[in-house]
1. Please turn the phi angles of region 99-105 into ³J(HN,Hα) values with the Karplus equation 6.51 cos²θ - 1.76 cosθ + 1.60 (θ = phi - 60°), one per residue in order, whole Hz, x for glycine and proline.
2. Under 14 Å Cα to Cα from Lys79, which aspartates and glutamates show up? Leave out anything in the same chain fewer than 8 places away.
3. Please list log₁₀ I(q)/I(0) at q = 0.15 Å⁻¹ for the chain, using the Debye equation with identical point scatterers on the alpha-carbon positions.
4. At 222 nm, what helix-only mean residue ellipticity would the chain give, in deg cm²/dmol to the nearest 500, using -39500 (n - 2.57) for each DSSP H run of four or more?
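No lab work stands behind these numbers, since they all come straight from the coordinates. Keep in mind it's a predicted model, so treat the numbers as computed, not measured.
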Amino acid sequence: MISFNYLNETFPGDTELIDQVIDIYLSEYPTFIAQFKTSVMKGDYKEMKELAHKWQYTAKVLGLNGLYSDLKLLGEYNKLVPFEMDQITARVAYLVEENYIELLAYKAAS
């Protein structure tokens, strides 16, 4: 679940800027998820690591602590066994999509 605490603390009362951050997530989601799923299917750990690194800040800003932790773990993929990689990549794909849907609902309601 998305928490706007970080955004509200960083940009108090600036709903326009908060909306811009959300718009960035929404606009970058299709490319990220396509590239992420492709890298998972190909077993391209280097690309997964790069994508995870790029998306970490977004997860942190939106208060997505679980996703943030998983993205950090993907950055250290060489320390993970295949079973852990499978679990983490599936969780990341699920959470990113779930957050996308939640943000679309938030934008529609505002």
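1. Once rounded to whole Hz, the list reads 5, 4, 5, 4, 5, 4, 5.
2. Hits, sequence-local ones excluded: Asp70.
3. Evaluating at q = 0.15 Å⁻¹ gives log10 I(q)/I(0) of -0.62.
4. -27500 deg cm²/dmol
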